[in-house]
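Quick notes on the structure that follows.
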Amino acid sequence: MNNLSKFLMLFIAVFTTYSCTDLEENLIGDVTTEINVDGIDTGGGSGSSGPLSAAFASLRNAGTANHGGYYSTQELPSDEMAICAKGGDWFDGGILIELHRHTYTPTHAFLNGTWVQTYGAINTVNEALAGSLDANQTAQARALRAYYYWRLMDLYGNVPVVTAPGTESPSQSSRAEVFSFIESELLDVLGIGSVSPGMDLSGSALGTDNNAYQINQFAALGILAKVYLNAEVYTGAPRYDDAAIAASYIIDSGVYSLCGDGCTVPNLGKRPTVDADPEMLEGYAAVFAPNNDANPEHIFVVNYDEVSGGGMNFSQMNLHYSSQFTWNLDSQPWNGYATLEDFYNSYEDGDARKAANFIQGEQLDFGGSAILDFASDDGNLVLNYTPAINELEPNSLREAGARPGKFSFKQFGRNDQSNDYPIVRLGDIYLTRAEAMSRAAGNWAMGLDDVNTIRARARVSALGSLDADSFLAERGREMFQEGARRTDLIRFGRYNDAWWEKPASPAHTALMPIPFEQLQANSNLSQNPGY
């Protein structure tokens, strides 16, 4: 049995031990057959095939948008959201509170799970590269592997770089060495030695076809721009000029456009008798909808599908048990993730992103009647998501906290969702360029035009000035729930600050610990300082 198999077995055992005790009363039975109701469009899905199908499917299996892996380790330690303990419900041995307060240790199940999932995905890519691929497929696979190594480098710092399937006990590379590997892989598949204004990518094996389920030149540049934006954190040497050049190339290409006014999709979550539900989702809301495939803003996305490509289950993770009645969901939700009040309040009224990103207030069922929670612990039977959360532990109210709803839900949704999850999208690239130009020039005004382009799409007034704090707040409002906040806070030197129910944390927690299970399995690994 190779080490990867051992790691997977260890993770399964540990994760099962810590699985949440969050399921309460069964409200209705599971829906196990397709349902058609007049006035309801339940949408459809899409699949993929070919020699890279398993490699790209690994994005779904690597915890990108579900509980317990990469998504959780990026979001729960940030100031965006938390999972509060509701008595014994969601306490889970304290590991969720540890993420929020940055008291995590090398034995934390999610940190081991994220490591195992990501290296499992890398092994899948390495297996594809060991097979028969043409030049374009090889370039895509190398770029995808580089993206996974960016995740690992960002989270854990010094990690092994494995380029062949089945490698056992690999040696550990420094963070700077991993950075150099990622950069060289991406530049090589782009056919260039460095990024530069007016660069010629005609020698790249990557194509330019606008298929967001694959990696083209623009997707590779988008990943590279993210790596360069954080280079000072990783290596001590800033690369903001390079990040701005890569981002500008994508924007100036004209291949992609922001989804704004007139960019619409049918609202698959609409209840026919509830007038407040729009017939169509427009602009920002359409970018993340269940039927968001082929959105003009998408550059590189994870292809989730409720039938053939599971792994995104935000409806289960976020919603109160009784919200099953609003969307006629296949299964009862778990009542876990909730938005921190200060983050919710960072949006001004009228911001289209506020309306799209959060579910708050009194909740109605499919027929428009108030949903009742007969086990309510706040003295009000009507289910009402309140932005205020009374406490992190031990007895958070069941309906406390606005719920993340950016990746919106459909009627008769299954446990898994079909919303494509962006890895690189144009809105992010505009903000990347804005920040990179500002930092390179030492003048935040350099990013004002790009920031106001994003704000215009959100239907809020233009800013007259910009500084580091206002930019970070704006980026947070735009990138909520996209797994970016922990990385952003670290780059801005804010990750170890105090916020709600979290005291200031030690500086070393900006790097996650190397998981204990991995240290036990591989003697070539050394622990990060402070753990």
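Check which residues have an amide H placed less than 5 Å from residue 336's amide H, if you skip close sequence neighbours.
Under 5 Å from the amide H of residue 336: 318, 319.
Looking only at GluC sites (Glu not before Pro) in DSSP loops with at most 16 other Cβ atoms within 10 Å, what is the longest site-free stretch of the chain? If you can, show how the numbers build up before the last one.
Values: sites that count: 24, 25, 34, 168, 279, 348, 391, 501.
Between exposed loop sites, the widest span is 35-167.
Starting from the Cα coordinates of the chain, work out the convex hull volume and express it per residue in Å³. Kindly include the intermediate steps, with their values, before the conclusion.
On the way: hull volume 75.3 nm³, N = 531.
Dividing the Cα hull volume of the chain by its residue count gives 142 Å³.
Taking the simple approach of a point 7 Å from Cα along Cα-to-Cβ for both residue 103 and residue 171, what is their distance in nm?
3.9
Could you check the spin-label model distance between residue 232 and residue 348? Points 7 Å from the Cα along Cα→Cβ, value in nm.
The two pseudo-label positions are separated by 2.8 nm.
Past 20 Å, Cα to Cα: identify those pairs from 226/354; 354/406; 270/406, in the order given.
Values: 226/354 25 Å; 354/406 9 Å; 270/406 15 Å.
Beyond 20 Å: 226/354.
Tell me the relative contact order for the chain as a rounded percent, counting alpha carbon contacts under 8 Å between residues six or more apart.
Values: 1050 pairs, mean separation 108.1, N = 531.
Contact order relative to length: 20 percent.
Considering segment 440-531, what Rg and Dmax in Å follow from its alpha-carbon atoms?
Cα radius of gyration and Dmax of segment 440-531 are 18.1, 56 Å respectively.
List 221, 96, 268, 519 from most exposed to least, where exposure is judged by having the fewest other Cβ atoms within 10 Å. Please list the in-between numbers first.
Values: 221 29, 96 25, 268 22, 519 15.
The order, fewest Cβ neighbours first, is 519, 268, 96, 221.
So for segment 393-480, Kirkwood radius off the Cα pairs, Stokes-Einstein at 20 °C and 1.002 mPa s: how many µm² s⁻¹? It would help to have the intermediate numbers written out before the result.
Working: Rh = 15.5 Å.
Estimated via Stokes-Einstein, D reaches 138 µm²/s.
Hey, which aspartates and glutamates would be in cross-link range of residue 502, C-alpha to C-alpha under 14 Å, not counting anything within fewer than 8 residues on its own chain?
In chain and number order, the partners are 79, 80, 98, 341, 342, 391, 393.
Among residues other than residue 257 whose Cβ falls under 12 Å from its Cβ, what is the net charge (Lys/Arg +1, Asp/Glu -1)?
0
Going by how many other Cβ atoms sit within 10 Å of their own, how do 307, 265 line up, fewest first?
Working: 307 12, 265 20.
By the 10 Å Cβ count, ascending: 307, 265.
Grab the DSSP H runs of the chain that are 4 residues or longer, score each as -39,500 (n - 2.57), total them, divide by all residues and round the 222 nm result to the nearest 500 deg cm²/dmol.
Only helices count here, giving -11000 deg cm²/dmol.
Taking the Cβ of residue 304 as the centre, find all other residues whose Cβ is under 12 Å away and add up their charges (Lys, Arg: +1; Asp, Glu: -1).
Numbers: positive: 60, 414; negative: 293, 305, 306, 416, 420.
The answer is -3.
Among 428, 89, rank each residue by its count of other Cβ atoms within 10 Å, from fewest to most, as a rough exposure measure.
Numbers: 428 23, 89 19.
Neighbour counts put them in this order, fewest first: 89, 428.
Which FRET efficiency, nearest 0.05, do residue 521 and residue 54 yield, Cβ-Cβ r, R0 25 Å?
0.55
The numbers here are math on the coordinates, done by the rules we state, and not lab data. No experiment lies behind these values; they were computed from the predicted model shown. Reconstructed Cβ throughout: ideal geometry from the backbone, glycine too, with neighbour counts over all protein chains shown.
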